[in-house]
Amino acid sequence: MKLFLQILLIVSSVFLVVAVLLHRGRGGGLSSLFGGGMQSSLAGSSVAEKNLDRITLLLGAVWLISIVGLGLLLKV
């Protein structure tokens, strides 16, 4: 179980860094390379940005759960 959580932590850390770097900054970002530059007419942000937000939140939750799980396993 400890090895699984360590691998999950490393993988989620790498993907979380990539997801954060894909977000649009003030002047655009790497997300504009993948269709983030097209704005939706009804909403303030595009569908790609909304999906990227959801993916980033999911990865953050997985990262947090693996950190807490590893901390509990190492404490006991």
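At a glance:
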{"quantity": "Restricting the range 1-17 to residues that are of a type outside the set (A, V, I, L, M) and over 13 Å from V68 (Cα atoms), the residue that is least open to solvent (accessible area, probe 1.4 Å)", "calculated": "S12"}
{"quantity": "Test: residue in the range 38-60 that is surrounded by 15 or more Cβ atoms within 10 Å (Cβ to Cβ), modelled with pLDDT under 95 and not in a helix (DSSP H, G or I)", "calculated": "yes"}
{"quantity": "Residue satisfying all of: in the range 18-36; assigned to a loop (DSSP other than H, G, I, E, B) and open to solvent by 80 Å² or more (accessible area, probe 1.4 Å); modelled with the lowest pLDDT among these", "calculated": "G27"}
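The values are calculated or read from the model by the stated rules, or taken from the named source; none is laboratory data. Just so it is clear, the model here is predicted, and its values are computed rather than measured. Every residue, glycine as well, gets a Cβ built from its backbone with ideal geometry; the counts of neighbours run over all protein chains shown. Only protein heavy atoms, including side chains, enter the accessible area calculation; ligands, DNA and RNA are left aside. Shrake-Rupley method; radii C 1.70, N 1.55, O 1.52, S 1.80 Å.
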